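Reading through the C-alpha cells given below for one structure.
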Amino acid sequence: MQPLTIDVVSDVMCPWCYIGKRRLEGALALRPEVEIDVRWRAYKLDPTIPRGGVDRQSYLENKFGGAERAAGIYAQVAEAGAQAGLDFHFDAIRRSPNTTDAHRLIRWSYGQNAQDSVVEGLFRTYFIEGGDVEDPVTLGDIATAAGMDSELVRELLAGEADIEAVNAEIDQARQIGVDGVPCFIIGARLAVMGAQASEILVEAIDKVLSSSGEDPEDD
C-alpha cells in the first residue's frame, strides 16, 4: 500500500504555516497507524518582496494600515502560536524576506529525507530566533543540522539551481486555486485551507482513506 501523501503549500514567512505544522503533527499523532508522506510545497505570500527583503515594521504597517492594527493582528497570531506550543518572537524579526532560497532548500531536502527538519529549522530561525532565512550561511547551517551537505547547499544557492522549479510550483498552486496558506492537499484529492485544528485534519485524512476503500480504524 502506497503512503498517503499530504502536500503542504506553505511560505516560510507565514506564522500560520508554523502553527499549521504543529496542528498537522497533532493530527498525525492521532493516526500513527497510517503511513503518510508529507511534502512541503512552495508558495509566496508576497511575490513582490525583492531579494534582500524589506524592513518588516514598515512592511507590516503598510500591509495592515498602521502600527497599532499590525500589533493587534500579530498579538492574536502570538496567542494562537502559544496554544500550539510556539513562543513567537516577532519583535526580533528585522526584515520580511524573499523566500526563494528557503524554498529551494526545502525542495532539495526532500530527496534526502530531511524536509521536516529543514522546514522546522527555517520556521524556528525566522519566528523564534529572528534570524535571516535569506542568508546562505544561515541556510547552510540549517541544512547541516538536518543532515545535509552545507557546502553543497551553499554552492547551489550561489547559482540559479531550481529557481524556475520553485516559481513553477508557486504558479501551479495559484492555478489550482490556492490563494492563502497553509493549504493541506490530502491524497491529491481533498484540500484543507488554513491552519485548521488537528481534529479537522484527521477527519480529512479519514475521509480520503475511506474514499479509497481503506479504514484507518481497521489497521
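Please identify the pairs in which a residue from the stretch 159-175 that is on the phi > 0 side of the Ramachandran plot has its Cβ atom under 6 Å from the Cβ atom of a residue that is surrounded by 13 or more Cβ atoms within 10 Å (Cβ to Cβ), counting only partners at least 6 apart or on another chain.
Taking only residues 6 or more apart or on different chains, the pairs are ASP162/ARG104; ASP162/ARG107.
Hey, which of the helices (runs of 4 or more DSSP H) in the stretch 126-205, taking only ones fully inside, have at least 1 residues that are in contact with a strand residue (DSSP E or B) (Cβ under 9 Å, 6 or more places away or on another chain) and within 17 Å of GLN115 (Cα to Cα)?
On the way: elements: 136-145, 150-157, 163-175.
The qualifying helices (runs of 4 or more DSSP H) are 163-175.
Find all pairs meeting these conditions: Cβ atoms under 7 angstrom apart; at least six residues apart or on different chains; first residue within the stretch 33-44 and touching a residue at least 24 places away in the same chain (Cβ under 8 Å) and of a type in the set (S, T, N, Q); second residue surrounded by fewer than 17 Cβ atoms within 10 Å (Cβ to Cβ) and outside any loop (DSSP other than H, G, I, E, B).
As it stands, the answer is none, since no pair meets every condition given.
Within the stretch 52-73, which residues are surrounded by fewer than 16 Cβ atoms within 10 Å (Cβ to Cβ) and either more than 20 Å from ALA92 (Cα to Cα) or aromatic (Phe, Trp, Tyr) (or both)?
Hits for the stretch 52-73 are PHE64, GLY65.
Would you check which residues across the stretch 17-44 are closer than 19 Å to ASN98 by Cα, of a type outside the set (Ser, Thr, Tyr) and in contact with a strand residue (DSSP E or B) (Cβ under 9 Å, 6 or more places away or on another chain) and list them?
CYS17, TRP40, ARG41, ALA42
Any residue at all in the stretch 126-146 that is modelled with pLDDT of 95 or more, loosely packed, with under 13 Cβ neighbours inside 10 Å and either within 16 Å of ILE36 (Cβ to Cβ) or under 15 Å from the mean Cα position of the chain (by Cα) (or both)?
Scanning the stretch 126-146, I find no residue that is modelled with pLDDT of 95 or more, loosely packed, with under 13 Cβ neighbours inside 10 Å and either within 16 Å of ILE36 (Cβ to Cβ) or under 15 Å from the mean Cα position of the chain (by Cα) (or both), so the answer is no.
The values are calculated or read from the model by the stated rules, or taken from the named source; none is laboratory data. As the structure is a prediction and not an experimental result, all values here were calculated from the model. For neighbour counting, all protein chains shown are included, and Cβ atoms are generated from backbone atoms with ideal geometry for every residue, glycine included.
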